[in-house]
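Throughout, read-outs are computed from the coordinates displayed, never taken from laboratory work. Nothing here was measured: the structure is a model prediction, and the numbers come from that model. Glycine gets a Cβ as well: all are built from the backbone with ideal geometry, and neighbour counts include every protein chain shown.
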Amino acid sequence: MNHHYCPLCYAEISIGAIICPACGRNIEDWERHTPYYDRLIRALKNPHSEVRMGAILSLQNHGREAAAGSLAECAMNWPIDVVQGMAVVEAIAKLPDGAEKTAALRQLQQHEAHAIRVAAGELLAKKETDHYGHST
Ligand SMILES: [Zn+2]
């Protein structure tokens, strides 16, 4: 990976830069004082797809339901990136159930990619089945 982006303004910067030449903020200081979860949420908007993918997987492992909305937004912001979109659906699936998760899946049902709309719809249907209980 030859590129590195400022986590605050997403300008391309050299690796190891402490002060961003574009926005002038102290990156090292920001990273030290910003909670890991907040940095992951911010990384979902990074123009570098590898950074976003890393954040999606980390948020999946973090298990905070509140991340569902930001994850869905990430998928919606890059509609042609189906691989990333599917990773978002998988990550949301592993988060605890709640209103935020349901809203995120409903949003993903509006996604441009058919595969993502279907995957989100299946998860919503499964949640309803779980809610009403299995009859078999
Ligand atoms: Zn910057």
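Annotations for the structure displayed:
- Here region 50-132 has an Rg and Dmax of 11.5, 39 Å, counting Cα atoms alone.
- Proximity of backbone amide H atoms, modeled 1.01 Å from N, is registered between His4 and Ile13 at under 5 Å, excluding neighbours fewer than 5 places apart on the same chain.
- Computed over the chain: relative contact order in percent, which uses C-alpha pairs under 8 Å that are six or more apart: 16 percent
- Evaluated with a Cβ-only charge set (Lys, Arg +1; Asp, Glu -1), region 50-132 carries a dipole of roughly 60 debye about its Cα centre, given to the nearest 20.
- Largest GNM mean-square fluctuation across Ala68, Ala11, Ala104, computed for the chain with C-alpha springs under 10 Å, falls on Ala11.
- Hits among lysines - C-alpha to C-alpha of Lys126 under 25 Å, sequence gap 8 or more where chains match: Lys94, Lys101
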